[in-house]
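The values are calculated or read from the model by the stated rules, or taken from the named source; none is laboratory data. It should be emphasised that the depicted structure is a prediction, and the values quoted were computed from it without experimental measurement. Cβ placement follows ideal geometry from the backbone for every residue including glycine, while neighbour counts extend to all protein chains displayed. Keep in mind that these areas ignore ligands, DNA and RNA; they rest on the heavy atoms of the full protein, side chains included. Shrake-Rupley method; radii C 1.70, N 1.55, O 1.52, S 1.80 Å.
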Amino acid sequence: MSQNLPKLTPEMLIPRMGEYIVQKGLISESDLQKALAYQQDQMAKGNHYLLGQSLMDLNMLDRDTLDQVVTEQILQLRSALQSANRNLEQRVKERTSELNEALQRLSELSQLKSNFVSNISHELRTPLTHVKGYIELLVAGSLGSISDEQRHALQVSQRATAKLEGMIEDLIMFSLASKGEMSMKLQKVDIRRIVSLAAKSALPKAEERGVQVLVSAVENIPSVQADPEKIGWVVNQLLDNGIKFTPSGGSVVISLKEEGHNLVILTVTDTGIGIPSNKLKEIFEPFHQLDGSSTRHFGGTGLGLSLVRQIVEAHGSLLDVQSAEGKGSIFKFPLLALGE
């Protein structure tokens, strides 16, 4: 098939050459129409014919004049292309500069947000410590006797301050993580004990909501390499999250399973409301809640799962999430097992 292709000539690169020749006054419009008609006749006979050849066959142009016209057109096209390239390069430079400025601004805003969160969290911690301390003194009767109604009111306040204290600690941890300053103290950890303590701590809230909390782990599960405080926080957060989104009558199961000879898989499974498949990525966005309306009935800052993933990844692991709307969720990640 390649043998039937016409030979590439400079004239093939020139668009609307007929109009250009007419504009230069080398031929008339009627001459152009005659040449075009002649070209069509030749092509109908199976000949590959260019307009320039037709003009020469009809003695309307000689070869030198045609070559000059083609050369002028090619030079003009080259000049136009160079100009377009210069304009494009300039636009690319300008756009790149704009994007760099936007990225710099975004980085500055992110840093400002991180600094704000860090500063406000630390500033809140001090007065909260005072409030918490005085409430404890009042409940203990150290500042005088109180009635049963007053004690109940103070106990409610105690629970509220404990919740607020937890939120402030989460904000501080998020601030450190976002700045890459969250330190990890990896050591040999009895993960079964951490899971048992977390389950015991979660029982009051689970019973209040009518949710069953179960632990599935053999006694000889090996120890793991982890930061005990932070991995404990992760387990507590995943349990709390499961209980929060599981209706009464449901269950949350935390299990430990040895895989191979060097991994322990920690899994938290709930029978809750689940997560739509198109929303799975959103659950890890900080300060984001899927139920984001002003009337939402699930509390929290929206930092929990974002911090869970960052802590898990800081352990050199990956958090896997499987969920289906209305069918519950499964959160799991591996930890490095250590021998005795």
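Hey, could you check the range 184-222 for residues that are of a type outside the set (A, V, I, L, M) and buried (at least 19 other Cβ atoms within 10 Å of the Cβ) and say which is nearest to residue 273 (Cα to Cα)? Can you show your working first?
Residues of the range 184-222 that are of a type outside the set (A, V, I, L, M), as a first pass: 185, 187-188, 190, 192-193, 196, 200-201, 204-205, 207-210, 212, 216, 219-220, 222.
Going one step further and asking which of them are buried (at least 19 other Cβ atoms within 10 Å of the Cβ), we end up with 192, 222.
Working: 192: 27, 222: 33 Å.
Filtering the range 184-222 for residues that are of a type outside the set (A, V, I, L, M) and buried (at least 19 other Cβ atoms within 10 Å of the Cβ), the one nearest to residue 273 (Cα to Cα) comes out as 192.
Go over the candidates 92, 69, 22 one by one and state the one that is surrounded by fewer than 13 Cβ atoms within 10 Å (Cβ to Cβ), in a helix (DSSP H, G or I) and out of contact with any strand residue (DSSP E or B) (no Cβ under 9 Å at 6 or more places or on another chain).
Values: 69 fails: surrounded by fewer than 13 Cβ atoms within 10 Å (Cβ to Cβ); 22 fails: surrounded by fewer than 13 Cβ atoms within 10 Å (Cβ to Cβ).
From the options 92, 69, 22, the qualifying one is 92.
Could you say which residue among 303, 336 is surrounded by 15 or more Cβ atoms within 10 Å (Cβ to Cβ), of a type in the set (A, V, I, L, M) and modelled with pLDDT under 75? If you could, list the steps in order and put the result at the bottom.
Working: 336 fails: modelled with pLDDT under 75.
Result: 303 is the single residue among 303, 336 that is surrounded by 15 or more Cβ atoms within 10 Å (Cβ to Cβ), of a type in the set (A, V, I, L, M) and modelled with pLDDT under 75.
Between 30, 107, which is farther than 30 Å from residue 173 by Cβ and of a type in the set (Ser, Thr, Tyr)? Reasoning before the result, please.
Numbers: 107 fails: farther than 30 Å from residue 173 by Cβ.
Answer to the selection: 30.
Need pairs with beta-carbon distance below 7 Å; first residue under 8 Å from residue 213 (Cα atoms) and within the range 246-258, second in a loop (DSSP other than H, G, I, E, B); sequence gap 6+ or separate chains.
Partner pairs satisfying both residue conditions: 251/211; 251/271; 252/211; 252/246.
Cβ-Cβ under 6 Å, sequence separation 6+ or interchain: first residue in the range 259-279 and at positive phi, partner in a loop (DSSP other than H, G, I, E, B) and surrounded by fewer than 20 Cβ atoms within 10 Å (Cβ to Cβ). Which pairs?
The qualifying pairs are 274/324; 274/325; 274/326; 274/327.
Which pairs turn up if I take residues in the range 304-320 that are within 10 Å of residue 331 (Cβ to Cβ) and look for partners that are open to solvent by 50 Å² or more (accessible area, probe 1.4 Å) with beta carbon separation below 6 Å, at least 6 apart in sequence or on another chain?
Between residues of the range 304-320 that are within 10 Å of residue 331 (Cβ to Cβ) and residues that are open to solvent by 50 Å² or more (accessible area, probe 1.4 Å), the close pairs are 319/309; 320/332.
I'd like the full set of residues that are closer than 17 Å to residue 16 by Cβ and touching a residue at least 12 places away in the same chain (Cβ under 8 Å), limited to the range 26-52.
26, 27, 31, 32, 35, 36, 39, 50, 51, 52
Against the definition (open to solvent by less than 80 Å² (accessible area, probe 1.4 Å) and closer than 30 Å to residue 37 by Cβ), how does residue 64 come out, yes or no? I'd like the intermediate steps shown before the answer.
On the way: open to solvent by less than 80 Å² (accessible area, probe 1.4 Å): no; closer than 30 Å to residue 37 by Cβ: yes.
Considered against the rule, which asks whether it is open to solvent by less than 80 Å² (accessible area, probe 1.4 Å) and closer than 30 Å to residue 37 by Cβ, residue 64 comes out as no.
Out of the residues in the range 235-252 that are surrounded by fewer than 19 Cβ atoms within 10 Å (Cβ to Cβ) and assigned to a loop (DSSP other than H, G, I, E, B), which is farthest from the chain's Cα centre (by Cα)?
The selected residue is 249.
Filter the range 34-61 down to the residues that are surrounded by 17 or more Cβ atoms within 10 Å (Cβ to Cβ), assigned to a loop (DSSP other than H, G, I, E, B) and among the aliphatic types (A, V, I, L, M), then identify the one that is modelled with the lowest pLDDT.
Going through the range 34-61, the residues surrounded by 17 or more Cβ atoms within 10 Å (Cβ to Cβ) turn out to be 35, 38-39, 49-55, 60-61.
Add one more test, that the residue is assigned to a loop (DSSP other than H, G, I, E, B), and what stays is 49-50, 60-61.
The next check asks that each one be among the aliphatic types (A, V, I, L, M); those that pass are 50, 60-61.
Numbers: 50: 81, 60: 87, 61: 84.
This residue is 50.
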